1. Would you check which residues across the stretch 267-286 are among the aliphatic types (A, V, I, L, M) and more than 13 Å from the ligand (Cβ to nearest atom) and list them?
2. Could you grab me the full set of residues in the stretch 19-54 that are over 17 Å from G67 (Cβ atoms) and surrounded by fewer than 18 Cβ atoms within 10 Å (Cβ to Cβ)?
3. Suppose we filter E28, E82, E18 for residues that are away from the ligand (no atom under 16 Å from the Cβ), free of Cβ contacts under 8 Å to residues at least 12 places away in the same chain and either within 22 Å of N108 (Cβ to Cβ) or not hydroxyl-bearing (S, T, Y) (or both); which single one remains?
4. Mind listing just one residue for me: the one in the stretch 222-262 that is farther than 23 Å from A132 by Cα and among the aromatic types (F, W, Y) and, of those, surrounded by the most Cβ atoms within 10 Å (Cβ to Cβ)?
5. Give me a count of the residues in the stretch 195-229 that are within 16 Å of the ligand (Cβ to nearest atom), among the β-branched types (V, I, T) and without any contact (Cβ under 8 Å) to a residue 60 or more places away in the chain.
6. Does V93 fit the bill of being at pLDDT 95 or above, surrounded by 16 or more Cβ atoms within 10 Å (Cβ to Cβ), in contact with a helix residue (DSSP H, G or I) (Cβ under 9 Å, 6 or more places away or on another chain) and β-branched (V, I, T)?
7. What pairs come out if I take residues in the stretch 230-254 that are over 17 Å from A152 (Cα atoms) and of a type in the set (G, A, S) and pair them with residues that are assigned to a loop (DSSP other than H, G, I, E, B) and more than 16 Å from the ligand (Cβ to nearest atom) whose C-beta lies under 7 Å away, six or more apart or interchain?
8. Pull up the stretch 111-170, narrow it to residues that are of a type in the set (K, R) and farther than 18 Å from L326 by Cα, then point me to the one that is nearest to the ligand (Cβ to nearest atom).
Amino acid sequence: MSEINRQIKVEKFTTPAEGASFFQEKIEGPGPEELLVRTQYAPINPADLNVIEGKYGKLPQLPAIIGNEGSGQVIEVGESCEGFSVGDHVFYVNRNDCWQDYVRVNSNQVIKVPESLSPQLSSMLKVNPATAWLLLNQIEYKEPNFWIVQNAANSGVGIAVIEIAKLMGWKTINFVRRAELKDQLVSYGADLVVTDNDDGKNEAIERIGKDQVSLAINAVGGESALRIMSLLSEGGTHITYGAMAKRPLKVPNSFLIFRDLRIQGLWLSKWLNSTSRQVMETVYGKLAEMMIHENLHQPIDSIFRPEEIKFAIKRSMETGRKGKVLLDFTS
Ligand SMILES: NC(=O)c1ccc[n+]([C@@H]2O[C@H](COP(=O)([O-])OP(=O)(O)OC[C@H]3O[C@@H](n4cnc5c(N)ncnc54)[C@H](OP(=O)(O)O)[C@@H]3O)[C@@H](O)[C@H]2O)c1
(Lines give C-alpha, C1' and ligand atoms only; values in the text may rest on other atoms or scores of the structure.)
Protein backbone atom coordinates (compact mmCIF):
# COMPACT_ATOMS: atom_id res chain seq x y z
CA MET A 1 0.00 0.00 0.00
CA SER A 2 1.26 3.46 -0.83
CA GLU A 3 -1.16 6.36 -0.53
CA ILE A 4 -0.90 10.12 -0.69
CA ASN A 5 -1.13 11.46 2.84
CA ARG A 6 -2.37 15.01 3.37
CA GLN A 7 -0.76 16.42 6.49
CA ILE A 8 -0.39 19.63 8.47
CA LYS A 9 3.19 20.34 9.44
CA VAL A 10 5.06 22.88 11.53
CA GLU A 11 8.55 23.67 10.26
CA LYS A 12 9.32 26.58 12.58
CA PHE A 13 7.70 27.78 15.85
CA THR A 14 5.93 31.04 15.05
CA THR A 15 2.44 32.56 15.12
CA PRO A 16 -0.47 30.13 14.63
CA ALA A 17 -1.55 32.13 11.57
CA GLU A 18 1.79 31.47 9.86
CA GLY A 19 3.15 28.34 11.47
CA ALA A 20 1.06 25.43 10.17
CA SER A 21 1.23 24.43 6.51
CA PHE A 22 -0.39 21.88 4.22
CA PHE A 23 1.80 19.13 2.68
CA GLN A 24 1.28 15.86 0.82
CA GLU A 25 3.57 12.85 1.14
CA LYS A 26 3.40 9.14 0.49
CA ILE A 27 2.71 6.78 3.37
CA GLU A 28 3.61 3.10 3.52
CA GLY A 29 1.40 0.36 5.00
CA PRO A 30 1.60 -0.73 8.65
CA GLY A 31 4.36 -2.91 10.13
CA PRO A 32 3.42 -6.33 11.61
CA GLU A 33 2.63 -4.83 15.03
CA GLU A 34 0.86 -1.74 13.73
CA LEU A 35 -2.57 -0.61 12.61
CA LEU A 36 -3.18 1.84 9.81
CA VAL A 37 -5.87 4.34 10.75
CA ARG A 38 -7.65 6.58 8.27
CA THR A 39 -8.31 9.89 10.05
CA GLN A 40 -11.83 11.29 9.83
CA TYR A 41 -12.04 14.48 11.91
CA ALA A 42 -9.69 16.46 14.13
CA PRO A 43 -10.50 19.56 16.21
CA ILE A 44 -8.26 22.59 16.53
CA ASN A 45 -7.67 23.10 20.26
CA PRO A 46 -5.86 25.95 22.04
CA ALA A 47 -3.06 23.44 22.83
CA ASP A 48 -2.46 22.93 19.09
CA LEU A 49 -2.04 26.68 18.66
CA ASN A 50 0.35 26.72 21.63
CA VAL A 51 2.41 23.97 19.98
CA ILE A 52 2.67 26.00 16.75
CA GLU A 53 3.86 28.95 18.85
CA GLY A 54 6.43 26.74 20.61
CA LYS A 55 4.78 27.49 23.96
CA TYR A 56 3.41 24.17 25.18
CA GLY A 57 4.43 21.79 27.97
CA LYS A 58 5.74 19.27 25.44
CA LEU A 59 7.02 20.24 22.00
CA PRO A 60 7.87 18.09 18.98
CA GLN A 61 11.18 18.13 17.18
CA LEU A 62 10.67 20.11 13.99
CA PRO A 63 9.65 19.63 11.28
CA ALA A 64 6.64 17.79 12.70
CA ILE A 65 3.11 16.82 11.81
CA ILE A 66 0.94 18.14 14.64
CA GLY A 67 -2.57 17.66 16.05
CA ASN A 68 -3.41 16.51 19.58
CA GLU A 69 -6.59 14.59 18.92
CA GLY A 70 -8.73 13.08 16.20
CA SER A 71 -10.97 10.20 15.19
CA GLY A 72 -10.56 7.59 12.49
CA GLN A 73 -11.24 4.10 11.24
CA VAL A 74 -8.87 1.13 11.13
CA ILE A 75 -8.22 0.26 7.48
CA GLU A 76 -5.35 -2.24 7.81
CA VAL A 77 -4.20 -4.51 10.66
CA GLY A 78 -0.60 -5.74 10.90
CA GLU A 79 -0.24 -9.55 11.03
CA SER A 80 0.87 -9.63 14.71
CA CYS A 81 -1.47 -6.91 15.92
CA GLU A 82 -4.26 -8.20 18.13
CA GLY A 83 -7.56 -6.82 19.40
CA PHE A 84 -8.51 -4.69 16.38
CA SER A 85 -10.29 -5.36 13.09
CA VAL A 86 -10.61 -3.46 9.84
CA GLY A 87 -13.55 -1.06 10.18
CA ASP A 88 -13.15 -0.39 13.94
CA HIS A 89 -13.95 3.20 14.90
CA VAL A 90 -11.21 4.70 17.09
CA PHE A 91 -9.80 7.92 18.46
CA TYR A 92 -6.10 8.64 18.83
CA VAL A 93 -5.10 8.63 22.48
CA ASN A 94 -1.32 8.87 22.63
CA ARG A 95 -0.44 10.63 19.38
CA ASN A 96 0.41 14.26 18.77
CA ASP A 97 0.44 14.01 14.96
CA CYS A 98 -3.26 13.48 14.24
CA TRP A 99 -3.57 16.13 11.51
CA GLN A 100 -2.96 13.73 8.63
CA ASP A 101 -5.01 11.35 6.50
CA TYR A 102 -3.27 8.15 7.62
CA VAL A 103 -1.54 7.32 10.91
CA ARG A 104 0.41 4.12 11.57
CA VAL A 105 -0.21 3.40 15.24
CA ASN A 106 0.54 0.78 17.88
CA SER A 107 -2.60 -0.71 19.37
CA ASN A 108 -2.06 1.24 22.63
CA GLN A 109 -2.23 4.56 20.75
CA VAL A 110 -5.91 4.28 19.85
CA ILE A 111 -9.08 3.44 21.76
CA LYS A 112 -12.19 1.96 20.15
CA VAL A 113 -15.44 3.92 20.24
CA PRO A 114 -18.97 2.65 19.62
CA GLU A 115 -20.14 3.01 16.01
CA SER A 116 -23.11 5.00 17.28
CA LEU A 117 -20.82 7.87 18.30
CA SER A 118 -20.34 10.07 15.24
CA PRO A 119 -16.76 10.50 13.94
CA GLN A 120 -17.10 14.24 14.59
CA LEU A 121 -17.92 13.74 18.28
CA SER A 122 -15.35 10.93 18.59
CA SER A 123 -12.70 13.38 17.43
CA MET A 124 -13.43 15.58 20.48
CA LEU A 125 -13.60 12.82 23.11
CA LYS A 126 -9.97 12.55 24.17
CA VAL A 127 -9.17 16.04 25.45
CA ASN A 128 -11.98 18.21 26.75
CA PRO A 129 -14.48 15.71 28.23
CA ALA A 130 -11.67 13.80 29.97
CA THR A 131 -10.15 17.03 31.30
CA ALA A 132 -13.53 18.04 32.76
CA TRP A 133 -13.96 14.61 34.31
CA LEU A 134 -10.46 14.80 35.85
CA LEU A 135 -10.99 18.34 37.16
CA LEU A 136 -14.19 17.32 38.91
CA ASN A 137 -12.53 14.28 40.46
CA GLN A 138 -9.66 16.16 42.12
CA ILE A 139 -11.40 16.78 45.44
CA GLU A 140 -13.63 15.03 47.92
CA TYR A 141 -16.98 16.77 48.22
CA LYS A 142 -17.63 16.86 51.97
CA GLU A 143 -20.61 19.22 52.15
CA PRO A 144 -24.00 18.11 50.84
CA ASN A 145 -24.88 21.48 49.32
CA PHE A 146 -21.87 22.87 47.55
CA TRP A 147 -20.98 24.84 44.42
CA ILE A 148 -18.31 24.53 41.77
CA VAL A 149 -17.28 27.79 40.09
CA GLN A 150 -15.52 28.11 36.74
CA ASN A 151 -14.54 30.66 34.08
CA ALA A 152 -14.49 30.23 30.27
CA ALA A 153 -17.61 28.19 30.98
CA ASN A 154 -18.63 28.07 27.30
CA SER A 155 -15.33 26.39 26.31
CA GLY A 156 -15.27 22.71 25.36
CA VAL A 157 -13.99 21.83 28.83
CA GLY A 158 -16.41 24.27 30.49
CA ILE A 159 -19.48 22.71 28.86
CA ALA A 160 -18.30 19.23 29.86
CA VAL A 161 -17.77 20.46 33.45
CA ILE A 162 -21.37 21.74 33.55
CA GLU A 163 -22.82 18.51 32.18
CA ILE A 164 -20.74 16.03 34.19
CA ALA A 165 -21.32 18.05 37.39
CA LYS A 166 -25.07 18.05 36.70
CA LEU A 167 -25.09 14.30 36.28
CA MET A 168 -23.32 13.93 39.63
CA GLY A 169 -25.87 16.25 41.28
CA TRP A 170 -23.34 19.07 41.78
CA LYS A 171 -24.16 22.76 41.18
CA THR A 172 -22.13 25.08 38.95
CA ILE A 173 -21.58 28.83 38.77
CA ASN A 174 -20.33 29.73 35.32
CA PHE A 175 -18.46 32.88 34.30
CA VAL A 176 -18.46 33.82 30.60
CA ARG A 177 -17.20 36.81 28.61
CA ARG A 178 -20.37 37.04 26.48
CA ALA A 179 -23.75 37.48 28.19
CA GLU A 180 -25.59 36.03 25.17
CA LEU A 181 -24.30 32.54 26.10
CA LYS A 182 -26.42 32.32 29.25
CA ASP A 183 -29.45 30.50 27.78
CA GLN A 184 -27.29 27.95 25.99
CA LEU A 185 -25.34 27.06 29.13
CA VAL A 186 -28.51 26.88 31.22
CA SER A 187 -29.87 24.41 28.63
CA TYR A 188 -26.80 22.22 29.33
CA GLY A 189 -27.61 22.29 33.06
CA ALA A 190 -25.72 25.34 34.39
CA ASP A 191 -27.24 26.51 37.69
CA LEU A 192 -25.99 30.08 37.34
CA VAL A 193 -24.32 31.87 34.42
CA VAL A 194 -22.82 35.32 35.01
CA THR A 195 -20.64 37.73 33.09
CA ASP A 196 -16.96 37.62 33.99
CA ASN A 197 -16.76 41.00 35.79
CA ASP A 198 -17.52 42.46 39.24
CA ASP A 199 -21.27 42.60 38.59
CA GLY A 200 -21.17 38.90 37.76
CA LYS A 201 -19.23 38.21 40.93
CA ASN A 202 -21.81 40.09 43.05
CA GLU A 203 -24.63 38.14 41.40
CA ALA A 204 -22.79 34.92 42.25
CA ILE A 205 -22.24 35.96 45.90
CA GLU A 206 -25.94 36.65 46.27
CA ARG A 207 -26.93 33.27 44.84
CA ILE A 208 -24.38 31.30 46.89
CA GLY A 209 -25.63 32.74 50.19
CA LYS A 210 -24.26 30.59 53.00
CA ASP A 211 -23.54 27.53 50.80
CA GLN A 212 -20.09 26.01 50.45
CA VAL A 213 -17.98 26.73 47.32
CA SER A 214 -15.58 23.80 47.17
CA LEU A 215 -13.86 24.05 43.80
CA ALA A 216 -12.80 26.88 41.46
CA ILE A 217 -11.75 25.83 37.94
CA ASN A 218 -9.65 28.32 36.02
CA ALA A 219 -8.91 28.35 32.27
CA VAL A 220 -8.25 32.09 31.97
CA GLY A 221 -5.75 33.47 34.55
CA GLY A 222 -5.28 37.10 35.64
CA GLU A 223 -8.26 38.96 37.15
CA SER A 224 -10.74 36.29 36.12
CA ALA A 225 -8.83 33.60 38.04
CA LEU A 226 -8.81 35.78 41.16
CA ARG A 227 -12.51 36.48 40.79
CA ILE A 228 -13.48 32.82 40.92
CA MET A 229 -10.85 32.08 43.59
CA SER A 230 -12.32 34.81 45.81
CA LEU A 231 -15.64 32.94 45.87
CA LEU A 232 -14.12 29.79 47.40
CA SER A 233 -15.04 28.84 50.94
CA GLU A 234 -12.32 28.29 53.54
CA GLY A 235 -10.15 25.31 52.58
CA GLY A 236 -11.52 25.31 49.02
CA THR A 237 -9.46 24.17 46.03
CA HIS A 238 -8.48 26.25 43.01
CA ILE A 239 -7.29 24.37 39.92
CA THR A 240 -5.68 26.13 36.98
CA TYR A 241 -5.78 24.10 33.77
CA GLY A 242 -5.66 26.81 31.08
CA ALA A 243 -4.33 30.30 30.53
CA MET A 244 -6.46 31.82 27.77
CA ALA A 245 -5.81 35.44 28.85
CA LYS A 246 -2.05 34.74 29.01
CA ARG A 247 -1.94 36.60 32.35
CA PRO A 248 -0.22 35.27 35.49
CA LEU A 249 -1.99 34.27 38.65
CA LYS A 250 -1.18 36.72 41.47
CA VAL A 251 -2.61 35.12 44.58
CA PRO A 252 -3.20 37.45 47.57
CA ASN A 253 -1.33 36.23 50.66
CA SER A 254 -4.57 36.37 52.67
CA PHE A 255 -6.11 33.68 50.45
CA LEU A 256 -3.43 31.31 51.63
CA ILE A 257 -2.94 32.43 55.23
CA PHE A 258 -6.47 33.18 56.45
CA ARG A 259 -8.59 31.13 54.06
CA ASP A 260 -6.26 28.17 53.63
CA LEU A 261 -7.06 27.79 49.93
CA ARG A 262 -5.43 24.90 48.04
CA ILE A 263 -3.97 25.89 44.70
CA GLN A 264 -3.02 23.33 42.12
CA GLY A 265 -2.69 22.71 38.39
CA LEU A 266 -3.88 19.94 36.12
CA TRP A 267 -2.59 18.60 32.81
CA LEU A 268 -4.43 15.83 30.99
CA SER A 269 -1.19 14.62 29.36
CA LYS A 270 0.15 13.63 32.76
CA TRP A 271 -2.94 11.53 33.40
CA LEU A 272 -2.72 9.92 29.95
CA ASN A 273 0.92 8.99 30.57
CA SER A 274 0.34 7.56 34.04
CA THR A 275 -2.99 5.76 33.78
CA SER A 276 -3.60 2.12 32.93
CA ARG A 277 -5.26 1.20 29.67
CA GLN A 278 -8.11 -0.42 31.61
CA VAL A 279 -8.93 2.75 33.57
CA MET A 280 -8.68 4.88 30.42
CA GLU A 281 -11.07 2.58 28.54
CA THR A 282 -13.53 2.74 31.42
CA VAL A 283 -13.43 6.55 31.67
CA TYR A 284 -13.63 7.10 27.91
CA GLY A 285 -16.36 4.46 27.62
CA LYS A 286 -18.52 6.39 30.12
CA LEU A 287 -17.84 9.73 28.43
CA ALA A 288 -18.65 8.24 25.01
CA GLU A 289 -21.97 6.90 26.37
CA MET A 290 -22.78 10.36 27.73
CA MET A 291 -22.11 11.84 24.30
CA ILE A 292 -24.21 9.20 22.51
CA HIS A 293 -27.15 9.92 24.84
CA GLU A 294 -26.68 13.68 24.39
CA ASN A 295 -25.85 14.20 28.06
CA LEU A 296 -22.48 15.61 27.01
CA HIS A 297 -22.20 18.15 24.21
CA GLN A 298 -19.19 19.42 22.32
CA PRO A 299 -20.66 21.96 19.87
CA ILE A 300 -19.09 22.49 16.45
CA ASP A 301 -18.56 25.96 15.02
CA SER A 302 -17.28 25.17 11.54
CA ILE A 303 -15.58 22.50 9.47
CA PHE A 304 -12.65 22.99 7.06
CA ARG A 305 -10.70 20.70 4.72
CA PRO A 306 -7.02 20.20 5.57
CA GLU A 307 -6.12 22.25 2.47
CA GLU A 308 -7.86 25.20 4.19
CA ILE A 309 -5.73 24.99 7.34
CA LYS A 310 -4.86 28.71 7.37
CA PHE A 311 -8.58 29.70 7.32
CA ALA A 312 -9.38 27.03 9.91
CA ILE A 313 -6.72 28.29 12.32
CA LYS A 314 -7.81 31.89 11.80
CA ARG A 315 -11.39 30.95 12.69
CA SER A 316 -10.28 28.93 15.72
CA MET A 317 -8.68 32.08 17.17
CA GLU A 318 -11.76 34.28 16.75
CA THR A 319 -14.07 35.12 19.61
CA GLY A 320 -17.78 34.54 19.07
CA ARG A 321 -17.28 30.95 17.94
CA LYS A 322 -20.22 28.58 18.56
CA GLY A 323 -17.92 25.66 19.32
CA LYS A 324 -14.91 23.83 17.93
CA VAL A 325 -13.37 24.24 14.51
CA LEU A 326 -12.88 20.79 12.99
CA LEU A 327 -10.58 19.60 10.22
CA ASP A 328 -12.42 17.20 7.91
CA PHE A 329 -10.11 14.53 6.46
CA THR A 330 -13.01 12.63 4.85
CA SER A 331 -13.33 14.99 1.89
N1 LIG B 1 -4.60 21.30 31.27
C2 LIG B 1 -5.15 20.47 30.38
O3 LIG B 1 -4.90 19.26 30.37
C4 LIG B 1 -6.10 21.04 29.37
C5 LIG B 1 -6.95 20.20 28.63
C6 LIG B 1 -7.87 20.80 27.77
C7 LIG B 1 -7.90 22.18 27.61
N8 LIG B 1 -7.01 22.93 28.32
C9 LIG B 1 -7.03 24.39 28.25
O10 LIG B 1 -8.31 24.82 28.60
C11 LIG B 1 -8.63 26.03 27.94
C12 LIG B 1 -9.95 25.86 27.22
O13 LIG B 1 -9.77 24.89 26.19
P14 LIG B 1 -11.01 24.49 25.27
O15 LIG B 1 -10.55 23.62 24.18
O16 LIG B 1 -12.09 24.00 26.16
O17 LIG B 1 -11.39 25.95 24.73
P18 LIG B 1 -12.35 26.41 23.56
O19 LIG B 1 -13.50 25.48 23.46
O20 LIG B 1 -11.52 26.63 22.35
O21 LIG B 1 -12.86 27.81 24.11
C22 LIG B 1 -11.97 28.84 24.43
C23 LIG B 1 -12.52 29.60 25.61
O24 LIG B 1 -11.58 30.57 26.05
C25 LIG B 1 -12.20 31.86 26.06
N26 LIG B 1 -11.18 32.84 25.71
C27 LIG B 1 -10.51 32.96 24.56
N28 LIG B 1 -9.60 33.95 24.62
C29 LIG B 1 -9.72 34.49 25.86
C30 LIG B 1 -9.08 35.56 26.54
N31 LIG B 1 -8.11 36.27 25.96
N32 LIG B 1 -9.48 35.85 27.80
C33 LIG B 1 -10.45 35.12 28.40
N34 LIG B 1 -11.08 34.10 27.82
C35 LIG B 1 -10.73 33.78 26.56
C36 LIG B 1 -13.30 31.76 25.03
O37 LIG B 1 -14.27 32.75 25.25
P38 LIG B 1 -15.15 33.34 24.02
O39 LIG B 1 -15.98 32.18 23.52
O40 LIG B 1 -15.93 34.42 24.62
O41 LIG B 1 -14.15 33.77 22.99
C42 LIG B 1 -13.81 30.35 25.32
O43 LIG B 1 -14.60 30.34 26.48
C44 LIG B 1 -7.44 26.32 27.03
O45 LIG B 1 -6.55 27.18 27.71
C46 LIG B 1 -6.79 24.96 26.86
O47 LIG B 1 -5.43 25.02 26.55
C48 LIG B 1 -6.13 22.40 29.20
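The values are calculated or read from the model by the stated rules, or taken from the named source; none is laboratory data. Bear in mind that the values here come from a model prediction, so they are computed numbers and not experimental data. So basically every Cβ, Gly included, is an ideal-geometry build from the backbone, and we count neighbours across all protein chains shown.
1. V279, M280, V283
2. K26, E28, G29, G31, P32, E33 - these are the residues of the stretch 19-54 that are over 17 Å from G67 (Cβ atoms) and surrounded by fewer than 18 Cβ atoms within 10 Å (Cβ to Cβ).
3. None of the other options fit; the residue is E18.
4. This residue is F255.
5. Of the residues in that region, 1 qualify.
6. yes
7. G235/D260; G236/L261
8. The selected residue is K166.
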